[in-house]
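What follows is a set of notes on a single structure, which appears directly below.
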Amino acid sequence: MFIARFNCICVIFVALRCLMSLLPITSISSLLNPWRGVISAYSVSKLALNGLTLKVALDLKDDSILVNTATPGITATYEVLANFGGRPVSEGAKSIVFAATLPKGGPTGKFFKDGEIIGW
């Protein structure tokens, strides 16, 4: 259901992009699987989201629409995550803002953390 919603959102953004200049399309993903060794719904959903992000990036490349993903890293959205090294939300948000404000002609189909391209 989430993937279908993301796909619908991308279609809406593409339609709006034809009418006005918008910011790049940016999905939020995760770098680390907190349940390594276990195939969880979380892991599968992130895999599907990353795959869909790459597909949309390739589909829209000729239209000069940037589509990327970014990870905030382990972020202390809950107090318990701060105890496990989670960084402040404001720090994690910088990755998302960076990817969402790339200039026209910037990279597309990439995965960002802290303003740097990282491997999928």
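The values are calculated or read from the model by the stated rules, or taken from the named source; none is laboratory data. Source: prediction; values computed, not measured. With ideal geometry, Cβ positions are generated from the backbone for all residues, glycine too; neighbour counts draw on all protein chains shown.
Assorted remarks:
- Residue satisfying all of: in segment 61-73; in contact with a Phe, Trp or Tyr (Cβ under 8 Å, 6 or more places away or on another chain) and assigned to a strand (DSSP E or B); surrounded by the fewest Cβ atoms within 10 Å (Cβ to Cβ) among these: Asn68
- Within segment 45-59, being farther than 23 Å from Glu116 by Cβ and of a type in the set (A, V, I, L, M, F, W, C) holds for one residue alone: Ala48.
- The set of residues in segment 107-120 being β-branched (Val, Ile, Thr) and touching a residue at least 12 places away in the same chain (Cβ under 8 Å) consists of Thr108, Ile118.
- A residue that is on the phi < 0 side of the Ramachandran plot, touching a Cys at 6+ places or on another chain (Cβ under 8 Å) and at pLDDT 70 or above occurs somewhere in segment 21-34.
- Count of segment 60-71 residues, restricted to those that are of a type in the set (A, V, I, L, M, F, W, C) and closer than 20 Å to Lys113 by Cβ, is 3.
- Residue match in segment 52-60 (condition: at pLDDT 90 or above, surrounded by 15 or more Cβ atoms within 10 Å (Cβ to Cβ) and on the phi > 0 side of the Ramachandran plot): no
- If only residues of segment 74-86 that are of a type outside the set (Ser, Thr, Tyr) and buried (at least 17 other Cβ atoms within 10 Å of the Cβ) are counted, the one that is nearest to Gly51 (Cα to Cα) is Ile74.
- Residues in segment 74-106 that are in contact (Cβ under 8 Å) with a residue 24 or more places away in the chain, polar (S, T, N, Q) and assigned to a helix (DSSP H, G or I): Ser95 only.
- Meets criteria (over 28 Å from Ile12 (Cα atoms) and of a type in the set (Val, Ile, Thr)) for Ile65: no
- Top-ranked residue of segment 97-116 - restricted to ones that are under 11 Å from Pro24 (Cα atoms) and of a type outside the set (Gly, Ala, Ser), ranked as surrounded by the most Cβ atoms within 10 Å (Cβ to Cβ): Thr108
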